[in-house]
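The values are calculated or read from the model by the stated rules, or taken from the named source; none is laboratory data. All values derive from a computational prediction rather than experimental measurement. Heads up, the Cβs are rebuilt from the backbone with ideal geometry, glycines too, and the neighbour counts pull from every protein chain shown.
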Amino acid sequence: MTIHMQHQPFPDDLTRYSEYACLDLITPEEMRRIDHNAQSLGISGLELMESAGTALSLVAQEYHAGIVLILCGSGNNGGDGLVAARHMSREAEVTVLWYDSGHQTRSTRRQLERLSHCDVRSIRFRCREDLLHHLDIFSKADLIVDALLGTGGAGTVREPLKTCIDLANQSQAPVLCADLPSPGIIPDRICAFHRPKVKDSEVYDIGIPILAEIGTGPGDLLLMQERKQNVHKGVGGEILVIGGGPYQGAPWLSGLAALRAGADIVRIVTPHYLPEPDLIHIPTSGDTITQNDLDTIIPLCDRSDVVLCGPGLGPDAHEVILTCSEHVKKGVFDADSLRTPLPHAHESLYTPHTGEFTRITGRDPGLTPYDRAHAVRNSDIPGTVLLKGPVDVISDTKRIRFNQTGTPAMTTGGTGDVLAGVCAALMVHLSAFDAACIGAYATGCAGEMITNTHGYGMTARDLIPAIPQVLFRRTLEGE
Ligand SMILES: NC(=O)C1=CN([C@@H]2O[C@H](COP(=O)(O)OP(=O)(O)OC[C@H]3O[C@@H](n4cnc5c(N)ncnc54)[C@H](O)[C@@H]3O)[C@@H](O)[C@H]2O)[C@@H](O)CC1
Ligand SMILES: Nc1ncnc2c1ncn2[C@@H]1O[C@H](COP(=O)(O)OP(=O)(O)O)[C@@H](O)[C@H]1O
Ligand SMILES: [K+]
């Protein structure tokens, strides 16, 4: 999997940011995101695995076991077990029972090769019968290490791992689990890496930089779902953009950006028609959006997956937005819809820049990402906030994320409209928080690409064709 390397250092002292890292249980998807981001910050999967296996071996040695049996699956969890075996070979009589599924991960295969140079007994099993030849090993072990399934386990456990787990449970030996217990195994202790995945885990650091967790990165793109083959028209989502009036181009930029970020149908309710064959124009009665247009707009809000309100709207249509927002399932509120009283949908994403944030909260968010994160966290805005700037700050009431991508060339007018359109399209399938993180990351990456070719001559329009290259090209490479 090609890993896109990130370079720019964080423009603040990160030692103050540990409060923004999540400390409670995390999901396998979140751990995969963090792992991938750590690798994009220059720490290889093998190095992470070496740290994990070392931690595992140190905990295993606390048992002072004479005979250790390490059960290894064919994924990277198994790799952790193989590393631990190599580190424990002098301390105990170590036997590794490793599952040869035929598609071991590259890292785990590397660990197995290294083990062949160690004084460790290594036995391959491929089916249930292979295991039944080694019942004595289970009965003689003083300690069993469970490195069969970690965060990649899914669904009910298939053979021969099922039998392996049953044999481990039937033995007298305590079971030490790598990262999290394989489903059904009875743990004595759980040695979790970086963050706990299940409760009652002991957590060991494996050297993952805090920025891999509190920052956006290529790992965030893993949250984008692959489309199945038999999809129907509209699966990419129907987006409605409500905007325009004083400004003509803004809603069109948002609409085109939404299409480029994966939306299938994009309708633009705006007074001014611009000839864009890919977008559906819904005309308004006058040259600004007024109450007279509600009969047209409300049914469109009801049928759209996500509604983006605000691009180019001007200050006079706020009442209309407040009325429409009651009919909106998932709403993105940008630009001129960021006025008090704040409109809100069932699920809302607000995308203010500094001036708009000050206007809706009455507080200047400050300059450093630290202060801006505090300001967003302490604002009582009811939803997810993406506070734009040199470092974007994304926060829902629980989590905080910082996005460093982008360049000063992006201060050109309209880049915020593009960002809002991207977030709207992503929100069809993702939460407001994940959509904002990926939207900010991708729009910034697109800005970096265009700055390389156009410098300060970049226009917001230039960003649009670069969006799918960031969102979809890397995912395809990742296959
Ligand atoms: N860079 C990384 O990704 C790192 C991963 N680490 C370890 O790697 C683990 C994640 O590794 P993977 O993502 O490779 O996944 P796992 O090693 O957890 O399991 C994936 C393997 O199990 C099989 N499998 C999945 N569900 C199954 C089921 N229900 N029955 C039978 N077999 C099943 C899959 O076919 C695959 O071969 C973490 O839990 C952690 O222990 C650590 O080494 C830290 C670094
Ligand atoms: N100095 C900067 N460095 C990097 N990215 C920036 C910088 N200034 C702004 N951006 C990004 O450019 C976009 C600007 O959006 P916004 O301020 O809403 O512009 P506008 O409202 O003029 O369209 C945001 O995505 C923001 O993250
Ligand atoms: K495990």
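For every residue, the table says whether it meets (1) basic (Lys, Arg); (2) in a loop (DSSP other than H, G, I, E, B).
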{"residue": "Leu342", "(1), (2)": "no, yes"}
{"residue": "Ser348", "(1), (2)": "no, no"}
{"residue": "Gly355", "(1), (2)": "no, no"}
{"residue": "Arg359", "(1), (2)": "yes, no"}
{"residue": "Pro365", "(1), (2)": "no, yes"}
{"residue": "Val376", "(1), (2)": "no, no"}
{"residue": "Val385", "(1), (2)": "no, no"}
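Which of the residues that make up segment 75-119 are among the β-branched types (Val, Ile, Thr) and under 22 Å from Leu48 (Cα atoms)? Those that are among the β-branched types (Val, Ile, Thr) and under 22 Å from Leu48 (Cα atoms): Val83, Val96, Thr105, Thr108.
Taken over segment 100-146, the criterion of being under 20 Å from Val68 (Cα atoms) and hydroxyl-bearing (Ser, Thr, Tyr) is satisfied by Thr108, Ser116, Ser122, Ser139. Within the bounds of segment 432-455, is there any residue that is surrounded by 18 or more Cβ atoms within 10 Å (Cβ to Cβ) and touching a His at 6+ places or on another chain (Cβ under 7 Å)? No: zero hits. When segment 272-314 is examined, which residues are found to be part of a helix (DSSP H, G or I) and hydroxyl-bearing (Ser, Thr, Tyr)? Within segment 272-314, just Thr296 meets the criteria.
In this structure, does Thr351 turn out to be among the polar types (S, T, N, Q), under 22 Å from the mean Cα position of the chain (by Cα) and at pLDDT 95 or above? Full working, then the answer.
Working: among the polar types (S, T, N, Q): yes; under 22 Å from the mean Cα position of the chain (by Cα): yes; at pLDDT 95 or above: yes.
Criteria met by Thr351.
Which one is nearest to Val306 (Cα to Cα), of the residues in segment 346-372 that are without any contact (Cβ under 8 Å) to a residue 12 or more places away in the chain and surrounded by 14 or more Cβ atoms within 10 Å (Cβ to Cβ)?
Pass one, segment 346-372, residues without any contact (Cβ under 8 Å) to a residue 12 or more places away in the chain: 355, 358, 362, 364, 366-367, 371.
Now narrow it down to the ones that are surrounded by 14 or more Cβ atoms within 10 Å (Cβ to Cβ): 358, 371.
On the way: Thr358: 26, Asp371: 31 Å.
Out of the qualifying residues, it is Thr358.
Listed here are the residues, each with its yes/no results for (1) within 22 Å of Asp396 (Cβ to Cβ); (2) within 16 Å of ligand 2 (Cβ to nearest atom).
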{"residue": "Gly310", "(1), (2)": "yes, yes"}
{"residue": "Ala317", "(1), (2)": "no, no"}
{"residue": "Ile321", "(1), (2)": "yes, no"}
{"residue": "Ser325", "(1), (2)": "yes, no"}
{"residue": "Val332", "(1), (2)": "yes, yes"}
{"residue": "Ala335", "(1), (2)": "yes, yes"}
{"residue": "Pro343", "(1), (2)": "yes, no"}
{"residue": "Ser348", "(1), (2)": "yes, no"}
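Residues in segment 402-432 that are hydrophobic (A, V, I, L, M, F, W, C) and either within 22 Å of Ala212 (Cβ to Cβ) or in contact with a Lys or Arg (Cβ under 9 Å, 6 or more places away or on another chain) (or both): Phe402, Val418, Leu419, Val422, Ala424, Ala425, Leu426, Met427, Val428, Leu430, Ala432.
Would it be correct to say that Phe138 is surrounded by 19 or more Cβ atoms within 10 Å (Cβ to Cβ), modelled with pLDDT of 95 or more and more than 16 Å from ligand 3 (Cβ to nearest atom)? Spell out the reasoning first.
On the way: surrounded by 19 or more Cβ atoms within 10 Å (Cβ to Cβ): yes; modelled with pLDDT of 95 or more: yes; more than 16 Å from ligand 3 (Cβ to nearest atom): yes.
For Phe138, the condition - surrounded by 19 or more Cβ atoms within 10 Å (Cβ to Cβ), modelled with pLDDT of 95 or more and more than 16 Å from ligand 3 (Cβ to nearest atom) - is met.
With the structure loaded, tell me whether Leu222 is modelled with pLDDT under 95 and buried (at least 17 other Cβ atoms within 10 Å of the Cβ) or whether it fails that test. Here the answer is yes, as Leu222 does meet what is asked. Taking segment 207-236 as the range and being part of a loop (DSSP other than H, G, I, E, B), in contact (Cβ under 8 Å) with a residue 24 or more places away in the chain and within 20 Å of the chain's Cα centre (by Cα) as the test, the residues that pass are Gly207, Ile208, Pro209, Thr216, Gly217, Met224, Gln225, Glu226, Gly236.
Kindly indicate which of Ala420, Ala432 is in contact (Cβ under 8 Å) with a residue 60 or more places away in the chain and within 9 Å of ligand 2 (Cβ to nearest atom). Full working, then the answer.
Working: Ala432 fails: within 9 Å of ligand 2 (Cβ to nearest atom).
Within the list Ala420, Ala432, the selection yields Ala420.
When the test is whether a residue is surrounded by 18 or more Cβ atoms within 10 Å (Cβ to Cβ), of a type outside the set (S, T, N, Q) and away from ligand 3 (no atom under 14 Å from the Cβ), Leu112 passes it. Checking each residue in segment 152-195 for being in contact with a strand residue (DSSP E or B) (Cβ under 8 Å, 6 or more places away or on another chain), assigned to a loop (DSSP other than H, G, I, E, B) and not acidic (Asp, Glu) picks out Pro160, Ser171, Ala173, Pro174, Leu180, Pro181, Ser182, Ile185, Ile186, Pro187, His194, Arg195.
Residues are listed down the side, and each one gets a yes or a no for (1) among the β-branched types (Val, Ile, Thr); (2) surrounded by 18 or more Cβ atoms within 10 Å (Cβ to Cβ); (3) farther than 26 Å from Thr412 by Cα:
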| residue | (1), (2), (3) |
| --- | --- |
| Ala258 | no, yes, no |
| Pro275 | no, no, no |
| Leu279 | no, yes, no |
| Ile282 | yes, no, yes |
| Thr296 | yes, no, yes |
| Pro299 | no, no, yes |
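Hey, can you tell me all the residues within segment 113-143 that are within 16 Å of ligand 1 (Cβ to nearest atom), within 21 Å of Gln61 (Cα to Cα) and either among the aliphatic types (A, V, I, L, M) or outside the structural domain of Ile186 (by TED's automatic domain parsing) (or both)?
Here is the first cut: in segment 113-143, the ones within 16 Å of ligand 1 (Cβ to nearest atom) are 114-115, 124-128, 130-131.
Adding the requirement that they be within 21 Å of Gln61 (Cα to Cα) leaves 114-115.
Matches in segment 113-143: Leu115 only.
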